[in-house]
Amino acid sequence: VAGWEISARRTSASLRLIDCTPCRKTLIRANTESAVAHVLGVGRGRAIRDDSGRLVAGIVHEEWLLIGSPGLSLPSHLTASADGGPELVTIVDVTHARALIRIVGTDSAKVMSKLCAIDFGDRASPDNTALRTSMAGLAVEIVRNDLANRYDDAPGRDARLRSYLVLCERSAGQYLFNIFLDAGQEFGIDVEGFGIGGL
């Protein structure tokens, strides 16, 4: 997929770990009052889906992450806004520099809490929360991005499944993946391929 070798492994485990590193990842820095910030349309600490299905996350002050399908280019209205205004805007493709891991399942918050001091309860960190913090000794970005149940024949298929996207430096990706597997053993965690889980 877009030059990446991916797995289509499927699992029926209630807690799943998916390597989403092939997703296109773009880091954008701009003034909060700039045209680009207006086009992105999301404030610090929150995330939304744009019209093309990309996840747009306001990670910290004046910094956003765009996460989309492999090979997906930046929206033309965003690049036009960056080129057409007097504000300083930095757009960097970090697809190959950042690993991206998704953990999906009811117990995902319990696993996250074992590795990080953030409160992952619904009240403190509802769906579409975005933040930068430390996890297992690494600097990471975390986006809560709940998913609809993907199996058509599954009971409660319309229910939302708790899910988190975690980004870290690519060189530490395997380490963090293994840490998740270890922390999730008591909850029956299993690995699922990107070909099924996707973004």
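Numerical summary
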{"quantity": "Region 122-136, subset part of a loop (DSSP other than H, G, I, E, B) and not charged (D, E, K, R), residue least open to solvent (accessible area, probe 1.4 Å)", "calculated": "Ser125"}
{"quantity": "Residue ID - farthest from Leu131 (Cα to Cα), chosen from residues in region 21-40 that are among the hydrophobic types (A, V, I, L, M, F, W, C) and assigned to a loop (DSSP other than H, G, I, E, B)", "calculated": "Cys23"}
{"quantity": "Qualifying residue in region 61-75 (condition: under 24 Å from Leu181 (Cβ atoms) and either under 17 Å from the mean Cα position of the chain (by Cα) or not in a strand (DSSP E or B) (or both))", "calculated": "yes"}
{"quantity": "Residue that is least open to solvent (accessible area, probe 1.4 Å) [pool: residues in region 63-87 that are more than 21 Å from Pro22 (Cα to Cα) and either modelled with pLDDT of 90 or more or among the acidic types (Asp, Glu) (or both)]", "calculated": "Glu63"}
{"quantity": "Ser108 vs. criteria within 17 Å of the chain's Cα centre (by Cα), of a type in the set (Ser, Thr, Tyr) and at pLDDT 95 or above", "calculated": "yes"}
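The values are calculated or read from the model by the stated rules, or taken from the named source; none is laboratory data. All values reported here derive from a predicted model rather than from experimental measurement. Cβ sites come from the backbone with ideal geometry, for glycine too, and all protein chains shown count toward neighbours. Remember, those area values only see protein heavy atoms, side chains included, never the ligands or the DNA or RNA. Shrake-Rupley method; radii C 1.70, N 1.55, O 1.52, S 1.80 Å.
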